[in-house]
Structure formats: structure tokens, C-alpha cells
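This report concerns only the one structure given below.
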Amino acid sequence: MALPGVRPDRYPPIMFGSYNPLQRISLTLVTDRLVIVGTVMSRIKRLADLLNDPEAGHLVVIDATFTEVGSRRVVAEAAAAQVQLGDVLFVHANTPTDPGSEMHTSKQSVRACLLVTPFTIEGEIHLAYESELRVALAALQEVYIPVTNARYWSYTVAESPNFVDLLMVNRARAHIAIDAGVEWKTESPGAVQGAGQRDRSSSPW
């Protein structure tokens, strides 16, 4: 429910969360030592909004299973558990995700490698249109950044490659490497085609 004459994206998503029905979100949360699988109850639809809520220092996960990275030995099971988001390396949904289901801002996708010890992640990150790639990369501010068409693995701890549609990565724990040959666009196709036309094919991130 938007306010008359006001674009919904002018307000933090948390302001509109109370209008949505409570939903169950099955998630996998990975730290450097643990893989946590369980369910989060939330009225916020987008995983990016849920993790980047400035008031969310943790998530309460129900029916949670804690396993060791690598061995996948179960170390704990809980009806409910509080998981500290600052310790989490990355998060993904356990069901297929449509990364483009909601449009927020126009950005371009760039193939990147993220080094998140002990994991390596390959996929597409989404950057604003800027005069240079380095400027756009410096402008990343979200606590958790989306990586689409992602693959993550760690041969160090015997974690085989996993493929997910959308991986939310803790930016403070990630070193982001972009190949020198990447094609960089300073303006969105919509801006080039004509002022005032919104590019619906761009990333929603």
C-alpha cells in the first residue's frame, strides 16, 4: 500500500512490511565454521531487504540444524535459534528464487569473483552506472550484497560447488575481484534510448 502520489521506493521496505502477511522463508546461512539450515518468519518479502534492515543484528531461525562446514556433522538442532548476522558469510533461500521479481533501482550486472574465506564465490554483482568501474565499486554500501547466478565452494574445507539463483553476501567479509576485461557501461540502455524511459531489463538490485 503506497501513499498517494509518493513512490514506494522512497521509503525503507521495513515501513511497508506490516502490510504483508507473515511468511515462512527457508534459508541456508553459512559462517566460516557452520552451515545453518532453518526457517525464518517475516513479513518482508525480499531477502535483500530482510538482511539489510538496519535494525536486524540477528535472525531468529526456527527448526534450525547446525552442521560443521566440510564434514557436515550435525553439532546442534534447535526449535528456535538466534543467529548473529555479523558472523554470517552468506545466505541463500532453499527454494528457487526470482532475483528480478521486484524492481528497485537500475543497475548493471558484472561478473565477479568474491573471496570470502574459506569460500570462493563466482557470480554476477550489480553496480550503479558510474563514470568508472572503480567509482561504482566504491559506492557499494549495503551490508549484504546480492550475487546472482552464483556458485560457491571451498576446496580447503571440502565443500563441493553449490549453485543458487541468488546469494546474499556479507560485504564486510568479502574481497570482490572483477576481471580487467569486463565491459563497463557508464549509462543504462534506458537512459541512452531516451530520458524518462525506465529500463525494465536491468537488475532490480
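Since every read-out is calculated from the coordinates, none of them should be taken as a lab result. Because the structure is predicted, anything quoted here is derived from the model rather than measured. Cβ atoms come from the backbone with ideal geometry, glycine included; neighbour counts cover every protein chain shown.
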*By average Cβ neighbour count within 10 Å, what is the ranking of 150-158, 39-47, 135-143 from highest down?*
39-47, 150-158, 135-143
*asked:* Order these by the 10 Å Cβ neighbour count, fewest first: SER188, SER26.
replied: SER26, SER188
_Taking θ = phi - 60°, what integer Hz values does the Karplus form 6.51 cos²θ - 1.76 cosθ + 1.60 yield along the stretch 115-127, in sequence order, with x for Gly and Pro?_
9, 10, 3, x, 9, 10, 10, 10, x, 10, 9, 10, 10
*Kirkwood hydrodynamic radius (Cα pairs, Å) of the stretch 8-93?*
13.6 Å
